[in-house]
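The values are calculated or read from the model by the stated rules, or taken from the named source; none is laboratory data. Fair warning: this is a prediction, and the values are worked out from it, not measured in the lab. Glycine gets a Cβ as well: all are built from the backbone with ideal geometry, and neighbour counts include every protein chain shown.
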Amino acid sequence: MTRTQIINELKLNLDRKRHQAQINADQYVQDLCKNEQFKKLYTNYNQAKIDLIKIKYGGTNDEIISATNNFKQIEQMYNQFIAEHKIDIRKMEPIYECSICNDTGVVNGKMCNCLKTELNKRLNEQNKQYKLATFKDCSKDISPNLHSAYEKAKLWCDKFPNSHILNITFSGSTGTGKTFLLECMASDLIEKGFNVIFVTAFLLNEECRKYHFSLPSKVNEYMDCDVLIIDDLGCEPLLKNITIEYLFNIINLRQKRYKPTLISTNLSSNDILDRYDERIYSRLFNKNLSLNIAFNGIDMRKNF
Ligand SMILES: [Zn+2]
């Protein structure tokens, strides 16, 4: 399921929930109104309330005073009845699960945290199906060469999202454990409830191509997720006006939004400058914002 499909489904669920809360409140009032005395008080109370508002906006001072007194009198009788009969007035209004957005999923034009949390949960459930490696999988017999990379990766995850490092690049030849360590980072952050997308550079390139030709694609998800992980940068074909342009836009936009992008690649920093361009290079190798770890030739698979 795409992100949009999940959002639509979750919003539909919220609609149902909100509707049900309204039905429950209506039902509660209807049941109360089976008592004739309450029904009369309830009707009078609501009518007096409306009358008072109307008069406040168009009546004379005397009329306002009279309507206010009338309302206070009825309100007192109404409240007395409620107290005597132990009526739960909260139930007379819809009770929403989220008091911030009243189960609309939107607050001040933005997605409410209740919807965001649910969305991340669903997205991460989808991710989990890939069975990513975890930090626990690489606890023993880690070689000193890899120890430092492991420590840095783990520390960054522990700090997330409060690290100034926005771009991380693991470079080195095939089989040195770059992807493995990225998977560990992904599963750690997913476990903590962040929305992480793990994608190969090949697939990312393909989605960018679709986006470029206005076909449905996942490019917006790559822009929006908390952490984007691009595996094996350099394995993708260079498509004219697409590969470099979109890769730059994704990394750049994410950086502007303080969202990290993690990359593994067989390319050296010089290769990256050569194959892509200075704009991409400068973002991935900016000393203040980026962390670059070179994995040496030792085959990490034997060490984990
Ligand atoms: Zn909410």
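Among the residues of region 164-183, those identified as polar (S, T, N, Q) and at pLDDT below 90 are S173, T174, T176, T179.
Could you check, for region 257-269, whether at least one of its residues is in contact with a Gly (Cβ under 8 Å, 6 or more places away or on another chain) and surrounded by fewer than 19 Cβ atoms within 10 Å (Cβ to Cβ)? The answer is yes; a qualifying residue exists.
A quick yes/no check of all residues on (1) outside any loop (DSSP other than H, G, I, E, B); (2) surrounded by 15 or more Cβ atoms within 10 Å (Cβ to Cβ); (3) away from the ligand (no atom under 16 Å from the Cβ); (4) at positive phi:
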| site | (1), (2), (3), (4) |
| --- | --- |
| E97 | no, no, no, no |
| C114 | yes, yes, no, no |
| T117 | yes, no, no, no |
| N124 | yes, yes, yes, no |
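Selection within region 257-294: residues that are in a helix (DSSP H, G or I) and small (G, A, S). The member of this set that is farthest from T179 (Cα to Cα) is S282. S66 satisfies every condition listed in (1) assigned to a helix (DSSP H, G or I); (2) within 16 Å of the ligand (Cβ to nearest atom) except (2). Can you find a residue in region 86-94 that is out of contact with any Pro (no Cβ under 8 Å at 6 or more places or on another chain), within 16 Å of the ligand (Cβ to nearest atom) and closer than 29 Å to K34 by Cα? Checked region 86-94: at least one residue is out of contact with any Pro (no Cβ under 8 Å at 6 or more places or on another chain), within 16 Å of the ligand (Cβ to nearest atom) and closer than 29 Å to K34 by Cα.
Let me spell it out: the conditions are (1) assigned to a loop (DSSP other than H, G, I, E, B); (2) modelled with pLDDT of 95 or more; (3) not hydrophobic (A, V, I, L, M, F, W, C), and G58 meets all of them except one. Which number is the exception? Single failed check for G58: (2).
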